[in-house]
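The values are calculated or read from the model by the stated rules, or taken from the named source; none is laboratory data. What you are looking at is a predicted structure, and each value in this text was computed from that prediction instead of being measured. Neighbour counts run over all protein chains shown; Cβ positions are idealised from the backbone, glycine included.
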């Protein structure tokens, strides 16, 4: 009997079975896909964090420690690939003679590098001019001394005579912050700035120079072991962080005070641990509402067929079926719907994970999503039949009922108040969503912050439902439908009688639209800010940078003439002393720099980017400085600032006056720490050197093609480097981006379209199918097709049109709250929300097509023979 019953349901009630199964499938697919996103995303973060570290560990040897014994302790604590010793020596100064003058720097450091070091740790040093053989001078020191390949630099050792060194190359130190970190410093101490002047020597030459200094001044010479680990790390960044830090602690215990570990890998994993928690919050903020919406859709689809189920229960009881048989058949239907939904949803999840997320769904998440799908199928299918233990109970008609409980309790207002309070707490008060303190083994997410957008989403949807209920009272509705003709009164009365069902359908549509719009706007804003972040590092689509001795600005006209170049500009990049602190200083053309790069308002304090450029143009000596410099030197707006800049005529530093006009937080191509921004013309005039070291190119074509052409054009310039936006974006993006946020966006937006199309089409189709007896009777009484179409179109307009209108407004509001609360995802914070018009157009078309199909299906169903319809219902 059970098999025959299920076969009959599939043949006679296909829309009910497959509609509910589709809702279950969407729920299962959504949960399983998001589970794949979290699992594979965490592993991707761990791999990216490990690859971003130049040296995993820097083990500082104590005075008198034996390097071989410390190396044994390292190898005993954890598997390692490479262990190489490197020497550090403090020197009083570097000096060089050229052009009849002697240039002298301040204190610096000299590193002794063993053979094979640059191959073992390639991210530590980047060659600019010359090779990586012999004595290598940092770019900043070379600029200070004005030396070239083959020049002689004198190294002023501590307590010993100066020794000459012939320069074989000029290099950049991309990981200088970690290379010169204070290993063993207490946690919480501000990191020390890397030295301004650095020289790298082969280990043999370094030992010959500084072995006497080690004897005379042992406090100025130190040795480190640079380590590359071989241990396999767990996929979760948090677990990997614990494993690495515990191993580092084990080394220090084994060394018994003779060594301290600078755990660069642990620090990188600590940041990835924070990003992994942000990924989890993205699951909550963007994914969980979709899963809840899919579950609500399933419940609505099942509720639309509640009348059919009650009639079937009554018919079974009337023909003598005991309550247990009726319950068994209802349970069989729930299992059928659940199994169909789980199978279909698992297939969709596997497809989505492989195509959109480039990952795989784990068995655990398939099990979790499958159990959730079966539970949802059981609740949605069995709930309408509970309490139907007698024929009279199953056959009784459900009247208009009273005002819903949530309206009497003003739940919608309470939710909006809760949303406002939580938003104020999480966004307006500088609240941290993710807490991952350095040195603390456990990190946490403040999940209560999720209440703000969730309460706003639900509360605004319920407010829209309340307003729609007021609209569906006969008076307002009659005035709205008056233009349709003489049937306005009849249509208004029919819609008013069904206002509860229509309001529920419109609520589902509005929540679906709000989910789709908020997800789309958030993802569009995130992608735009990720591009802005890449512009912040690269400056423009293509960045051509060089050194002052061979500036790429001399090729500006040739670079600007390359195919597909829309705009071009050149910047000055020099170094200036602010007191005793050497900082980067950039000279820009304030009138044209915005044409080749993005200037965000968040780059400047208490003014927009446009106002900042206007201030630069208003006076030649205008100077923007970092907040750290303002605090250190207690500067106020309008204060004179005296910088020391190197003059081209004598290659010595001279005092140049500037005027402090504002605070700059970030600027394209500038470093993350302290830097200065001024007018290029003033900087060139005061230094006597108009050379421009950076050229920015904006293109409408392929950035990689333009970068290749620019690279060939400046290949003969020593130290010239070319980078493009796409490469830089992949390199500088946060580890959160490594989770494939683009794939997550496609997954979210694709499911949003499916949910919205299903919510509008399926709910309308099922609701109209439930009332097809009314339409068929009207047709039998002589109603014309156009008159029947008016009923159908009016109902569709209420559910789809009004629901979409309210949903769009709610979606924009929720997306604004999401962007504000998830500020940690954005660097820099966005100025405005970005609206993805193409996706919103596709969304509108999906609603229109689904609504049209539902109306056409209902009109065809209303044309069936009267006896057939009455018999089937």
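Quick notes on this one:
- Yes/no for residue 147 being under 21 Å from residue 721 (Cβ atoms), buried (at least 21 other Cβ atoms within 10 Å of the Cβ), in contact with a strand residue (DSSP E or B) (Cβ under 6 Å, 6 or more places away or on another chain) and not assigned by TED's automatic domain parsing to the domain that holds residue 654: yes
- Looking across 626, 602, one residue alone is in contact with a strand residue (DSSP E or B) (Cβ under 8 Å, 6 or more places away or on another chain), touching a residue at least 24 places away in the same chain (Cβ under 8 Å) and within 24 Å of residue 569 (Cα to Cα). It is 626.
- Taken over region 591-607, the residue count meeting the criterion of being in contact with a helix residue (DSSP H, G or I) (Cβ under 8 Å, 6 or more places away or on another chain) and in a loop (DSSP other than H, G, I, E, B) is 7.
- Residue count for region 608-620, restricted to those that are crowded, with 17+ Cβ neighbours inside 10 Å and touching a helix residue (DSSP H, G or I) at 6+ places or on another chain (Cβ under 8 Å): 3
- Residue satisfying condition, being within 18 Å of the chain's Cα centre (by Cα), under 30 Å from residue 227 (Cα atoms) and at pLDDT 80 or above, within set 46, 39: 46
- Considering region 654-736, the qualifying helices (runs of 4 or more DSSP H), each wholly inside and each with 1 or more residues that are within 30 Å of residue 53 (Cα to Cα), run over 703-713, 725-732.
- Single unsatisfied condition, residue 88 versus (1) assigned to a helix (DSSP H, G or I); (2) over 35 Å from the mean Cα position of the chain (by Cα): (1)
- Across region 535-573, the number of residues qualifying as under 24 Å from residue 143 (Cα atoms), outside any strand (DSSP E or B) and in contact with a strand residue (DSSP E or B) (Cβ under 8 Å, 6 or more places away or on another chain) comes to 8.
- Test: residue in region 243-256 that is out of contact with any strand residue (DSSP E or B) (no Cβ under 9 Å at 6 or more places or on another chain) and modelled with pLDDT under 90: yes
- Inclusion of residue 182 among residues that are touching a helix residue (DSSP H, G or I) at 6+ places or on another chain (Cβ under 6 Å) and either at negative phi or in the same structural domain as residue 93 (by TED's automatic domain parsing) (or both) is not warranted.
- Residues (assigned to a helix (DSSP H, G or I) and surrounded by fewer than 19 Cβ atoms within 10 Å (Cβ to Cβ)) located in region 621-633: 627, 628, 630, 631, 632, 633
- When region 234-261 is filtered for residues that are assigned to a loop (DSSP other than H, G, I, E, B) and farther than 23 Å from residue 70 by Cα, the ones remaining, listed by number, are 234, 235, 236.
- Within region 448-485, the set of residues being modelled with pLDDT under 65, in a helix (DSSP H, G or I) and surrounded by fewer than 19 Cβ atoms within 10 Å (Cβ to Cβ) comprises 474, 475, 476, 478, 479, 480, 482, 483, 484.
- Residue 228 meets all of the listed conditions (1) in a strand (DSSP E or B); (2) crowded, with 21+ Cβ neighbours inside 10 Å but one, namely (2).
- Residue that is nearest to residue 685 (Cα to Cα) [pool: residues in region 579-590 that are in contact with a helix residue (DSSP H, G or I) (Cβ under 6 Å, 6 or more places away or on another chain) and in a loop (DSSP other than H, G, I, E, B)]: 589
- Members of region 6-23 found to be at pLDDT 80 or above, over 13 Å from residue 758 (Cα atoms) and surrounded by 16 or more Cβ atoms within 10 Å (Cβ to Cβ), listed by number: 17
- Across region 184-210, the qualifying residues are those that are modelled with pLDDT of 90 or more and within 25 Å of residue 580 (Cα to Cα), and the one among them that is surrounded by the most Cβ atoms within 10 Å (Cβ to Cβ) is 200.
- Residue among 157, 217 that alone is assigned by TED's automatic domain parsing to the domain that holds residue 58 and either modelled with pLDDT of 95 or more or surrounded by fewer than 18 Cβ atoms within 10 Å (Cβ to Cβ) (or both): 217
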